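Every number here is computed from the coordinates shown, using simple stated rules; none is lab data. Nothing here was measured: the structure is a model prediction, and the numbers come from that model. Counting neighbours? That spans all protein chains shown, and the Cβs are built from the backbone with ideal geometry, glycine included.
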Amino acid sequence: MSGRVFRSLMRDFFAVKYDERRDNPEATRLDGNGRYYPNCSSDVWLRSCEREIVDPIEGHLSGHIPTWLNGSLLRNGPGSWKVGDMTFGHLFDCSALLHRFAIKGGRVTYQNRFVDTQTLQKNRAAQRIVVTEFGTAAVPDPCHSIFDKFGAIFRPDSGTDNSMISIYPFGDQYYTFTETPFMHRINPCTLATEGRICLTDFVGVINHTSHPHILPSGTVYNLGTSMTKSGPAYTIICFPNGQQMFEDAHIVATLPCRWKLHPGYMHTFGLTEHYFVIVEQPLSVSLTEYIKSQLSNQNLSACLKWYEDKPTLFHLLERATGKLVQTYESEAFFYLHIINSYEEDNHVVVDICSYKNPEMINCMYLDAIANMQTNPNYATLFRGRPLRFVLPLGAGGDAPSASKRRLVKSMSLVGLNVGQPSRMKHSASQYADISYIATNGKQEDESQKDFKRARFEVDDGVNLVSLKNSQAEAYQVASGIFLRPEMLCDWGCETPRIYYERFMGRKYRYFYAISSDVDAHNPGTLIKVDLLSKSCKTWCEDNIYPSEPIFVPSPEPQSEDDGVILASMVVGGLNDRYVGLIVLCAKTMTELGRCDFHTNGPVPKCLHGWFAANTV
């Protein structure tokens, strides 16, 4: 069976079609103004902050903001596309900009400031881009020889320190994150940058994820990549709560990467009561291409390689010992964010915002965003869904090395290409739906069952998942245990948040997200997903683009959703000097109040943040 025929069968048998608005061919036709997505204003991502707002400004308050809500909503994200006459090429390259909404006694103020990174200082001093970023190559320095460039490869301070993704607390201090080893300490009240940490100085890692996990005790865990004698390895780093969290940092678990010259791209990881969950997707960072890019002055995205016919691996590492317990596999998919993971009845549940491939990264190049209205494929390239994978514990499986050997054999039997990966390129390839199980639990017909047995080499077709109310599946196959996920809702969900302080790593019922469907009737929709009833509540407003929704519990919460949702918001179109804070009732997703601000310059949309209680 050829790979093309196999993928066609997968679509025919298992693909769940999206709702009518996306199946309708009219949805991809140009409107009267020559736009494919007339309800989506991509300009909210293209704005550059021209002047910082150092001193907090007052806004116009409407509705009611609970008086018990006191603290700072801190936000991080792209601040400026420009350096002198030059422009960055990718959203991930923009200079980091912090936002702060200070909430106290029902009143709100707003301010913003750039993270004062060394990269920002160098670029501003030269008035051009002199540090290479993910999607932007720096202007070559004629004073640097090939030997200088080669030596710089092994210096962690030679790359960018632009930490423009997220914000997390370490003890009573707050740090901005990206995937390089650099973190910046910020003042949660003034947004001033007060220090810089290079994690390589404390533990032997060359990078780490943008999303660490904060335990109720204050201890922090993160996933990094280290270089060992046998090749690159994933490492779990523990930062014990205390006055010397970085000095006392140590590695508690190590897992070799499946490919010695291609460590996987990691943006987050999972944590449960007893396990670390490392989801190794087949998007890798080629070390050989990285060296070439440094010597030839290419942007870092040239190092990414996508193994489209290799599986995604789920590794469970025991927290108590750091040892690998078991590895599972699924169809290849790309992800940035794990919603949550937890243990239940001898299973590990992992909920992930999943995409068929990493094309959505290409959708965030400057030219792709600017030209999305003339690209009929843009929405499908960005299409993803929240999926639930259920990992049965102690249900057979092979040692990782044997599993990998059998995996190649089993993939060859069904005609899949197991050759070299293709380079991640800027393309407009058609999106192929992820094979998942619908939440309606429809029964498969005999042809589906027969095909599944042929694909996975299942002897008896016994689903190893015995979790109640779950439609996810796991099967014993030649290569180990193969997972088939359940779709949690028929919305594209991104930047997911939960009642983190109480339910991170535990069984939970609700998560909150922002829509990633650019062809939705309202792309600025906030979504609340009820995992028990398999239902959604939403909030939206015409031409309003809210940020990641952050849940803040009531002082004495009586339920998991007893609290409020906070989100910053901007307006599409010409009104680029508006920013606001929306406060929703988390139970009903209805508006309680808002505060509108009119600023002295453009305010761009942000990515991730944190609610810092009592920092006013």
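Would you mind classifying the range 530-572 by shape? Square roots of the alpha carbon gyration tensor eigenvalues, ordered a ≥ b ≥ c; an a/c under 1.5 is rounded, otherwise it is prolate if a/b is larger than b/c and oblate if not. Verdict is oblate for the range 530-572. The distance between label points at N346 and Q173 comes to 4.6 nm (points 7 Å beyond Cα on the Cα→Cβ vector).
Taken along the Cα-to-beta-carbon direction at a fixed 7 Å, the label points for A125 and K468 span 6.4 nm.
Amide H contacts of H337: C353, each under 5 Å away and 5 or more positions distant or on a separate chain (H built 1.01 Å from N in the peptide plane; Pro and chain starts excluded). So how far, in whole Å, is the C-alpha centre of the range 554-616 from the one of the range 477-542? With the range 554-616 and the range 477-542 each reduced to a Cα centre, they are spaced 19 Å. Between D116 and A613, the C-beta separation translates, for a Förster distance of 30 Å, into a calculated FRET efficiency of about 0.75. Given their separation in residues at 0.36 nm each and the Cα-Cα distance between them, E556 and A320 gain 81.7 nm when the chain is fully extended. Is the range 464-587 rounded, prolate or oblate when judged by the Cα gyration tensor, a ≥ b ≥ c being the square roots of its eigenvalues, rounded requiring a/c under 1.5 and prolate requiring a/b larger than b/c? The shape class here is oblate.
Take the Cα of L393, step 7 Å toward its Cβ, do the same at T228, and the gap between the two points is 2.4 nm. Net length available on complete extension from I291 to E52 is 82.4 nm, with 0.36 nm assigned per residue and the Cα-Cα distance removed. What the phi angles of the range 79-96 give under the Karplus curve with 6.51, -1.76 and 1.60, with θ = phi - 60°, is a coupling list of x, 8, 7, 10, 9, x, 9, 9, 10, 5, x, 9, 4, 5, 8, 4, 4, 5 Hz, glycine and proline written as x. Cross-linked pairs K305/K605; K507/K534; K122/K292: Cα-Cα separations exceed 21 Å for K305/K605; K122/K292. Counting only Cβ charges, +1 for Lys and Arg and -1 for Asp and Glu, the dipole size of the range 184-318 around its Cα centre is about 380 debye.
Under a model in which nothing but the beta-carbon of Lys, Arg (+1) and Asp, Glu (-1) is charged, the range 467-616 shows a dipole of about 420 debye around its Cα centre. Listed values for the range 170-185 are Karplus-derived 3J(HN,Hα) couplings in whole Hz (6.51 cos²θ - 1.76 cosθ + 1.60, θ = phi - 60°), namely 10, x, 9, 10, 10, 10, 8, 10, 9, 9, 7, x, 9, 10, 10, 7, and x replaces Gly and Pro.
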